[in-house]
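What follows is a set of notes on a single structure, which appears directly below.
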Amino acid sequence: MIEVKDIHKGFNGEEILKGITTTFERGKTNLIIGTSGSGKTVFLKCMLGLFTPEQGSICYDGATYSELNEQQQRDLREQMGMVFQGSALFDSMTVEENVMFPLMMFTKQKKEEMLVRVNEVLARVNLENANNKLPSEISGGMQKRVAIARAIVTRPKYLFCDEPNSGLDPRTAIVIDNLIKEITEENDITTIINTHDMNSVMEIGEKIVFLRYGHLEWEGDKSQIFRTDNEAVTEFVYSSNLFKKVRDAQLKGL
Amino acid sequence: MFYLDDIGRYFLMLRGVFSRMTKGSVLKNLIFKEINDLILGSLGITVFLAFFIGAVVAIQTALNLTNPLIPKQLIGFASRQSVILEFAPTFLSVIMAGKVGSYITSSIGTMRVTEQIDALEVMGINSLNYLVFPKVIAMFMYPFVIAIAMFVGIFGAYIAGVYGGFVSGTEFLAGLREEFIPYHLVYAFIKTTIFAFLLATIPSFHGYYMKGGALGVGKASTSAFVWTTVVIIIANYVLTQLLLS
């Protein structure tokens with residue numbers, strides 16, 4: 001579980017996060033949604049420890065990040081997996097080397113042992129025959145799956161995903177969403193996903209946090225998001241033509 | 001103030017490079033890869049440039065020897081001194097600031113743009129040590145490249161001087177041996193080692209702290225070349241003053 005208490009973060013005098021307080025539970029897919037520029041990525045990077053908040057605290061299963069010493073912070077980071085928006089695969093390494101990388105860096109396993117685990121996670125993300133391919137030789141959807149495999153190979157307690165299905169076709173996006181949800185449940189990890197894709201919200205949104213101009217505007221689950229009377233949330237949700245048409249049809253009793 | 005800020009950040013970067021070392025087995029592979037990319041990959045162009053620089057120095061010296069009282073062996077002497085003292089260590093380092101420097105800046109800068117550096121940091125890896133330290137170690141092989149360049153440069157001077165009909169082989173070799181001061185080689189290699197460090201770290205700094213997208217990588221590569229060249233030229237002056245005067 002991750003507890004965020006009143007975090008503030010700014011750049012060059014401009015405050016991006018203006019006091020966010022929320023909780024992300026274990027075993028659930030937690031979604032952070034909001035329009036571009038709402039502070040989602042900054043919020044995620046604060047939780048990853050890439051940005052240091054000017055105020056407030058972030059607790060990981062009771063351990064407050066800012067109170068940990070450098071070694072403890074590093075140990076905590078080893079328990080985090082991250083899927084970046086652009087996958088962030090190391091382009092000079094093959095798929096196998098990319099997935100093996102965290103194991104090479106943090107374990108003392110023999111190469112054969114590492115390979116067993118790498119093949120296991122690659123099979124889990126349905127990429128059995130891509131071991132020797134370079135990231136540039138596989139599709140965007142496959143790159144995302146490799147990024148997920150790399151993120152979970154060390155069995156992290158926390159999984160962060162920054163717009164994991166951006167740039168993917170709707171069908172592949174659903175595959176990636178469901179994969180993340182299944183992995184979250186199988187491993188009982190705390191998963192936090194940044195997205196502005198309403199399809200993801202509908203597919204896997206067990207807890208949804210809506211950010212607007214750096215504020216936490218609304219939080220709830222996917223069943224509540226269509227019933228809320230919060231104007232900003234409604235505007236965001238129905239900015240999708242599909243959802244607008246569905247709502248209009250419902251109103252007309254079709 | 002802007003430059004002071006950058007200088008400060010450069011030294012803070014160096015502290016990051018030499019702290020929290022990456023796992024030895026991983027580091028070893030990275031160093032070999034960098035030696036291949038930075039050193040072996042530069043040998044061809046270095047040898048090519050050194051040969052022709054040496055040749056031109058010999059011809060220029062020969063063409064300027066209009067006084068019949070000055071012995072022809074001066075061509076060998078001048079070629080040796082020019083190549084060992086300046087052309088191989090300094091001139092080639094400026095060329096390397098373009099070749100090796102832009103490669104380092106663009107490779108690290110692209111990793112920054114594509115969030116690969118963030119990925120390393122999230123994993124708890126000291127990205128500065130992982131990315132820059134192997135380059136610094138690999139560049140300590142750079143004096144070997146310059147040693148080869150010195151030999152090839154003098155060989156180029158010999159070929160151009162002797163086969164161009166400017167000087168006899170005996171005269172050239174006599175000039176080559178004349179008043180040879182071994183300390184000049186020490187000076188040249190001290191310079192080269194310091195330039196190697198600058199060649200590895202200044203472009204890394206520009207790549208690591210670059211901002212923006214693809215255009216930013218291009219701008220960072222250009223400024224890395226300019227600043228590496230400027231610092232090499234200033235360092236050359238300071239080192240010459242300290243070591244030779």
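Derivation of every value follows stated rules applied to the coordinates shown; laboratory data play no part. These numbers come from a predicted model, not from an experiment. Glycine gets a Cβ as well: all are built from the backbone with ideal geometry, and neighbour counts include every protein chain shown.
Remarks
- With R₀ fixed at 41 Å, the C-beta to C-beta distance from A:Glu25 to B:Leu4 puts the FRET efficiency at about 0.30.
- Calculated mean residue ellipticity at 222 nm for the protein assembly as shown: -19000 deg cm²/dmol, from DSSP H runs with n ≥ 4 weighted as -39500 (n - 2.57), summed, divided by the residue count and rounded to 500.
- Residues whose amide H comes within less than 5 Å of that of A:Phe160, counting only those at least five positions distant or on another chain, are A:Gly81, A:Met82, A:Val83, A:Ile192 (H built at 1.01 Å from N in the peptide plane).
- Peptide packing for A:120-128, B:101-109, B:124-132 was compared via the average number of neighbouring C-beta atoms within 10 Å per residue; ordered from the highest value, the list is B:101-109, B:124-132, A:120-128.
- Estimated FRET transfer efficiency (B:Arg177, B:Gln60; beta-carbon r; R0 22 Å; 0.05): 0.55
- Shape of segment B:152-218, Cα gyration tensor, a/c cut at 1.5: oblate
- Fully extending the segment from B:Ile137 to B:Ile190 would add 17.5 nm, taking 0.36 nm per residue of separation and subtracting the current Cα-Cα distance.
- For segment A:73-85, 3J(HN,Hα) computed residue by residue from phi via the Karplus equation (6.51, -1.76, 1.60; θ = phi - 60°) reads 5, 5, 4, 5, 5, 5, 8, 10, x, 9, 10, 7, 4 Hz, glycine and proline entered as x.
- Nearest-0.05 FRET efficiency for B:Phe11 and B:Leu40, computed from C-beta distance (R0 35 Å): 0.70
- Neighbour-count ranking [beta-carbon atoms within 10 angstrom, fewest first] of A:Asp91, A:Asp177, A:Asp162: A:Asp91, A:Asp162, A:Asp177
- Loop-exposed GluC sites (Glu not before Pro) per DSSP, neighbour cap 16 Cβ within 10 angstrom, longest uninterrupted part of chain B: B:1-177
- Viscosity 0.692 mPa s, 37 °C: Kirkwood-radius Stokes-Einstein D of segment A:54-138 over Cα pairs, µm²/s: 218 µm²/s
- Overall form of segment B:33-140 per C-alpha gyration tensor (a/c, 1.5; a/b vs b/c): prolate
- Packing-based ranking, highest mean first, of A:29-39, B:228-238, B:196-206 given that Cβ atoms within 10 Å are counted: B:196-206, A:29-39, B:228-238
- GNM top mover of B:Leu69, B:Leu215, B:Leu185 - chain B, alpha-carbon springs below 10 Å: B:Leu69
- Rounded if a/c under 1.5, otherwise prolate or oblate - segment A:4-77, Cα gyration tensor axes: oblate
- Residue exposure sequence - A:Cys59, A:Cys161 - by fewest surrounding Cβ within 10 Å: A:Cys59, A:Cys161
- Calculated P(r) of segment B:1-49 - Cα pairs past 14 Å, %: 70 percent
- Extension gain from A:Asn187 to A:Thr228, taking 0.36 nm per residue of separation minus the Cα-Cα distance: 11.6 nm
- Two-decimal Rg/Rh across the protein assembly as shown, once Rg and the Kirkwood Rh are taken from alpha-carbon atoms: 1.13
- Peptide A:143-152 shows a mean partner chain C-beta count of 1 within 10 Å per residue C-beta.
- Counted by neighbouring Cβ atoms within 10 Å, the residues B:Met141, A:Met105 run from fewest to most as B:Met141, A:Met105.
- Note on A:70-80: average number of Cβ atoms from other chains within 10 Å of each residue's Cβ is 2.
- A simple rule links phi to the HN-Hα coupling: the Karplus curve 6.51 cos²θ - 1.76 cosθ + 1.60 with θ = phi - 60°, which for segment B:207-212 gives x, 5, 9, 5, 10, x Hz, with x for Gly and Pro.
- Computed over all pairs of different Cα atoms, the Kirkwood value for the hydrodynamic radius of segment B:23-244 is 18.7 Å.
- Diffusion constant of chain A at 20 °C, which comes from Stokes-Einstein with the Kirkwood Cα-pair radius and 1.002 mPa s, µm²/s: 112 µm²/s
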